[in-house]
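The structure appears right after this line, and notes come after that.
Please treat every number below as a calculation from the coordinates, not as lab data. What you are looking at is a predicted structure, and each value in this text was computed from that prediction instead of being measured. Don't worry about glycine lacking a Cβ; one is built from the backbone with ideal geometry, like all the others, and counts go over all protein chains shown.
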Amino acid sequence: MSTEQTTLIQAEEPQMCTKKEKIGHAIGVLGHDSMYTMWTTYITPFLTDILQIPSAALAILLAIGRIFDGVNDIAMGFIADKTKSKWGRFRPWLLRAGPLFCICAVLSFLIPSDSMTVRIIYASIMYIAVDVVFTAVDIPYWSLPAAMTSNTKERSGIVGLTTTASSGISALVGVVVPLCLIQFGGEGQWQSYFKTAAVIAVFAIIMYLICFKSVREHVIPDSQQKFSLKLGLKNIYANHPLLMLQLCNVIFLLAKIVKGYLNYYYCVYNLGNIAVMAAISGISTVAMILGSLCGTFLSKRIGKKPLLFIFMGGSAVAMFAHFLSGWQSLPIIYGCGAVATFCFGGANVCTNSMLMDTIEYGEWKTGQRNEGIIQATRCFIVKCVMAVSGVIVAAIIGLTGYVPLAEVQPDAVLSTFHFMATAFGSVLIIAALVPIFFYNLTEKRHAEIMEELKARKAAK
């Protein structure tokens, strides 16, 4: 099939979504990611510095909580695919789980007792609760674009717009939250975390409601399609492009999440001021948005796979340059951070859009359309990588001589923070590119698959 034929096929696919629906889905991510970014960024410092939970207990908590919820992701994907309601399969979960996730996230920033045992038990319960209800809204939310339209070009636009909004709000949280913490009493006061989380929760719930009212599910799966968890897992194994892409994501996410977990510690102790965190995040906000927009624009012209190589390679180079420069020069740190986050934004657009393409590949390969379960693999990977990242950070805190709330940390702590936030991630990102060599679902191949699926449906 020629390029002209592929373009014609895509052009003939009917538009299924209104502008309101596309914007509505992007609005949803403003609340979704603002709440989750705040929680994931600050819950570990809260547990170590405010609740003063021992590093060994923290490591166990993080690992068990994430692994448990990672397994729960697959089950939630199956539940979402089987959901039937007047609102569709995925939209109801915005109402059911979205507000509950926000409430649980706020409650996790409380001091339940002076007893360390009670603190550990409470923290464990809330940690798992937040993860579970987040899964219940996250998988349906990211499954929505595939249910909103079968037009691949239109869907890429939805994913690109939402990813751009996600990049922007995640980075913006990094600016707003430190300022809120200072306004509400400082990072050393538990009330500042609680009040900040409550403000973001109100905003997030409103965004969920707007998203629910705005979007519609236009792609309806075959009513005769059989759903089973066993069959869904079998379909995942048969989806080679999905496996290669997710292997890449495992390694790429490990680099980004470790860096994200260490960001608070790096700014407070290596750079000496939490206010610097706001400045870095402000620069990152602009860079992420620009990178996402650039990724959306260029992916349609040079292809998602080659563009992913460019963006991931660029982020690796920027992070290694930061490593070589040390942490004494803020202009260099700002510059390297801007390049890295620009590339992160573009890479996120590519990987999210590529993941959507594997849905049709799976349908072509197995005869089943499993948006929920396929999106669940993304959540499963994120949670497992977060578990590993949490263990890594907890180990760093416990083994390097870190002193909670100390004005000056030992040199070994500062050097380790710097290495793990820069060079460690750079090496991992290069390694993450290896599986992409074996990702064979090109734009041309996807267009051919869409034609075959149309022919199958027409023959029924």
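Kindly put Leu161, Leu324 in sequence by how many other C-beta atoms sit within 10 Å of each C-beta, fewest to most. Present the calculation step by step, with values, prior to reporting the outcome.
Values: Leu161 20, Leu324 10.
Going from sparsest to densest Cβ surroundings: Leu324, Leu161.
Panel order for Met116, Met354, Met126, by other beta carbons found within 10 Å of each beta carbon, from fewest to most: Met116, Met126, Met354. Expressed in Å, the radius of gyration and Dmax of the Cα atoms of region 117-223 are 18.0, 55.
List the pairs from Lys82/Lys457; Lys305/Lys457; Lys86/Lys365; Lys20/Lys86 whose alpha-carbon separation is above 23 Å, in the order I gave them. Mind showing how you got there, number by number?
Values: Lys82/Lys457 21 Å; Lys305/Lys457 29 Å; Lys86/Lys365 30 Å; Lys20/Lys86 20 Å.
Distance filter (> 23 Å) returns Lys305/Lys457; Lys86/Lys365.
Aspartates and glutamates near Lys19 by alpha-carbon distance under 17 Å, same-chain residues fewer than 8 away left out - which ones? Excluding near neighbours in sequence, the set is Glu154, Glu217.
The distance linking region 394-452 with region 82-160 is 24 Å (Cα centroid to Cα centroid, whole angstrom).
Between (i) 23.9; (ii) 22.5; (iii) 24.7, which entry matches Kirkwood radius over Cα pairs in Å as derived from the coordinates of this structure? So the structure-derived entry is (ii).
Any idea what diffusion coefficient region 350-460 gets from Stokes-Einstein, in µm²/s, Kirkwood Rh on alpha carbon pairs, 25 °C, 0.890 mPa s?
Numbers: Rh = 17.9 Å.
It diffuses with D of about 137 µm²/s by this estimate.
Let me have the 222 nm mean residue ellipticity of the chain computed from DSSP H runs of 4+ only, each contributing -39500 (n - 2.57), with the sum over all residues rounded to the nearest 500.
Details: 17 runs with 361 residues, N = 460.
Result for the chain, helices only: -27000 deg cm²/dmol.
Using DSSP to call loops (not H, G, I, E or B), can you name the trypsin sites (Lys or Arg not before Pro) in region 14-96 whose Cβ has at most 11 other Cβ atoms within 10 angstrom? List each step's numbers first, then the result.
Working: sites: Lys19, Lys20, Lys22, Arg66, Lys82, Lys84, Lys86, Arg89, Arg96; in loops: Lys84, Lys86, Arg89.
Sparse-neighbourhood loop trypsin sites (Lys or Arg not before Pro): Lys84, Lys86.
Would you order His322, His240 from fewest to most other beta-carbon atoms within 10 Å of each residue's own beta-carbon? Provide the component values of the computation, followed by the final result.
Working: His322 24, His240 16.
Arranged by neighbour count, lowest to highest, His322, His240 become His240, His322.
Helix 98-107 axis versus longest C-alpha principal axis of the chain: approximately 10°, rounded to the nearest ten.
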